[in-house]
Amino acid sequence: MAEKVLVTGGGGYIGSHCVLELIEAGYKPVVVDNFSNAVREGDVPESIRRIEKLLDTSIEFQELDLLDRPGLEKLFKKHNFSAVMHFAGLKAVGESVEQPLRYYRVNLTASMNLLEVMQAHRVRNLVFSSSATVYGDPQHLPIDEQHPVGGCTNPYGKTKYFIEEMIKDHCKAEKDWNSVLLRYFNPIGAHASGLIGEDPQGIPNNLLPYIAQVAIGRRNCLNVFGNDYDTLDGTGVRDYIHVVDLAKGHIAALKKLKDNCGCKVYNLGTGKGYSVLEMVKAMEKASGREISYKIAPRREGDIASCYADPRLAETELNWKAEFDLERMCEDLWRWQSKNPTGFSNGTAS
């Protein structure tokens, strides 16, 4: 019988790609989402409906906010989960600077509720969706897992750091718990089918969806925030990873839990950094369209360069990012061109 894995925030960009990979790896995901960043199709996220169609399967879904403690208790009474993948949370850096209390309340309370309900129901295996933002301004590059954490430049990053600390402390107190904390760098791209991808609600906070929306004609121009950084062309450098590679990293983490690993931390990145202008050129090549941009002032909280040392995940999880930049941009463009206005009015069906 397939192991049941609870996926919180499974209707969103990364969560939905992980749901697909879980099914392909033989697991039975149970998905919860509160639709804060997922497009609704009837009672389920459109992303989940499309995965069902793509894989000719049915996926158990429940609309649930993790702040709803009684609802969470009910869910755990109904199912016998072998593990939890925790993606649910608010995730816009800029918004977190404007609304810090909301970010602390939602992200920390939701995670606390989840950990306490897991403990009460003896579910002791967790994969947590963390972020490279916990490293703050890099003290050295590439960033390995030993790099100091906690000097976060925004409240979003701080919530990820605090949740990591909560999980680490809990694993220390409860020796039969196993957790893998995955620090993502910059997920981009989409599933090769073009059926699921990143569909930001409102103005995209991340670079690549914004570039793709300029290429498709939904937005006029890309603002490049700062061209005076100490980088090759003066624009910010980041480590971009294909979302399918990222999802496969979660499957590897799930398998690692079987080793009674305690609490482990891994970077998920490629180890290569690309500048904003290099990403613009790569998307121009993938789309065959010119992408107009203008230089704007630096944004508060942005850093010059950030890229991973992913060797620990390669050694201990037997995982390595496979897709190159060209493939990431091709898959992103396939998603965007099939779904010009995202899930709400895509041509993919």
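The values are calculated or read from the model by the stated rules, or taken from the named source; none is laboratory data. Nothing here was measured: the structure is a model prediction, and the numbers come from that model. Every residue, glycine as well, gets a Cβ built from its backbone with ideal geometry; the counts of neighbours run over all protein chains shown. Please note that ligands, DNA and RNA were not included when accessible areas were found on the heavy atoms of the full protein model with its side chains. Shrake-Rupley method; radii C 1.70, N 1.55, O 1.52, S 1.80 Å.
Among the listed residues LYS272, LYS255, LYS281, which satisfies the condition of being under 28 Å from ARG50 (Cα atoms), open to solvent by 50 Å² or more (accessible area, probe 1.4 Å) and basic (Lys, Arg)?
After ruling out the rest, the residue left standing is LYS255.
Which of the residues that make up segment 224-242 are surrounded by fewer than 16 Cβ atoms within 10 Å (Cβ to Cβ) and either of a type in the set (A, V, I, L, M, F, W, C) or in contact (Cβ under 8 Å) with a residue 60 or more places away in the chain (or both)?
Residues satisfying the conditions are ASP228, ASP230, LEU232.
Could you list all residues from segment 183-214 that are assigned to a helix (DSSP H, G or I) and either open to solvent by less than 10 Å² (accessible area, probe 1.4 Å) or out of contact with any Ser or Thr (no Cβ under 8 Å at 6 or more places or on another chain) (or both)?
Across segment 183-214, the qualifying residues are LEU207, LEU208, PRO209, TYR210, ILE211, ALA212, GLN213.
Could you please find all residues in segment 295-318 being of a type in the set (D, E, K, R) and modelled with pLDDT under 95?
Once the filter is applied, which keeps residues that are of a type in the set (D, E, K, R) and modelled with pLDDT under 95, segment 295-318 yields ARG298, ARG299, GLU300, ASP302.
Can you go through VAL30, VAL5, VAL39 and tell me which one is touching a strand residue (DSSP E or B) at 6+ places or on another chain (Cβ under 8 Å), under 18 Å from GLY197 (Cβ atoms) and touching a residue at least 40 places away in the same chain (Cβ under 8 Å)?
Selected residue: VAL39, the only one of VAL30, VAL5, VAL39 that is touching a strand residue (DSSP E or B) at 6+ places or on another chain (Cβ under 8 Å), under 18 Å from GLY197 (Cβ atoms) and touching a residue at least 40 places away in the same chain (Cβ under 8 Å).
With GLU326, GLU278 as the choices, which residue is acidic (Asp, Glu) and in contact with a strand residue (DSSP E or B) (Cβ under 9 Å, 6 or more places away or on another chain)?
Just one listed residue meets the conditions, GLU278.
Rundown of residues vs (1) part of a loop (DSSP other than H, G, I, E, B); (2) modelled with pLDDT of 95 or more; (3) more than 18 Å from the chain's Cα centre (by Cα), yes/no style:
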residue: ASN107; (1), (2), (3): no, yes, no
residue: SER111; (1), (2), (3): no, yes, no
residue: VAL117; (1), (2), (3): no, yes, yes
residue: ARG122; (1), (2), (3): yes, yes, yes
residue: ASP137; (1), (2), (3): yes, no, yes
residue: GLN146; (1), (2), (3): yes, yes, yes
residue: GLY151; (1), (2), (3): yes, no, yes
residue: LYS158; (1), (2), (3): no, yes, no
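Within segment 136-177, can you find the residues that are open to solvent by 20 Å² or more (accessible area, probe 1.4 Å) and of a type in the set (Gly, Ala, Ser)?
Within segment 136-177, GLY150, GLY151, ALA173 qualify.
Yes or no: segment 287-301 includes at least one residue that is polar (S, T, N, Q), buried (at least 20 other Cβ atoms within 10 Å of the Cβ) and farther than 22 Å from GLY12 by Cβ.
yes
Go through segment 78-94 and report how many residues are among the charged types (D, E, K, R) and either modelled with pLDDT of 95 or more or touching a Cys at 6+ places or on another chain (Cβ under 6 Å) (or both).
Total satisfying the criteria: 1.
When LEU101 is evaluated against the numbered criteria (1) assigned to a helix (DSSP H, G or I); (2) crowded, with 23+ Cβ neighbours inside 10 Å; (3) not acidic (Asp, Glu), which criterion, by number, is the only one it fails?
The number of the failed condition is (2).
Give me the residue from segment 302-348 that is assigned to a helix (DSSP H, G or I) and open to solvent by 80 Å² or more (accessible area, probe 1.4 Å) and, out of that set, farthest from ASP199 (Cα to Cα).
THR315
Among the numbered criteria (1) assigned to a helix (DSSP H, G or I); (2) open to solvent by 20 Å² or more (accessible area, probe 1.4 Å); (3) closer than 30 Å to ILE163 by Cα; (4) out of contact with any helix residue (DSSP H, G or I) (no Cβ under 8 Å at 6 or more places or on another chain), which single criterion is violated by ASP245?
Against the list (1) assigned to a helix (DSSP H, G or I); (2) open to solvent by 20 Å² or more (accessible area, probe 1.4 Å); (3) closer than 30 Å to ILE163 by Cα; (4) out of contact with any helix residue (DSSP H, G or I) (no Cβ under 8 Å at 6 or more places or on another chain), ASP245 comes up short only on (2).
Return the residues of segment 36-62 that are assigned to a loop (DSSP other than H, G, I, E, B), open to solvent by less than 50 Å² (accessible area, probe 1.4 Å) and either of a type in the set (D, E, K, R) or in contact with an Asp or Glu (Cβ under 7 Å, 6 or more places away or on another chain) (or both); say none if nothing qualifies.
Once the filter is applied, which keeps residues that are assigned to a loop (DSSP other than H, G, I, E, B), open to solvent by less than 50 Å² (accessible area, probe 1.4 Å) and either of a type in the set (D, E, K, R) or in contact with an Asp or Glu (Cβ under 7 Å, 6 or more places away or on another chain) (or both), segment 36-62 yields VAL39, ILE59.
Taking the condition of being open to solvent by less than 10 Å² (accessible area, probe 1.4 Å) and more than 14 Å from ASP65 (Cβ to Cβ), how many residues in segment 1-18 meet it?
Within segment 1-18, residues that are open to solvent by less than 10 Å² (accessible area, probe 1.4 Å) and more than 14 Å from ASP65 (Cβ to Cβ) number 7.
Only residues that are touching a Leu at 6+ places or on another chain (Cβ under 7 Å) and within 27 Å of LYS53 (Cβ to Cβ): list them for segment 198-216, please.
LEU208, ALA212
Would you confirm whether or not segment 66-77 contains a residue that is at pLDDT below 95 and under 20 Å from the mean Cα position of the chain (by Cα)?
No, that holds for no residue.
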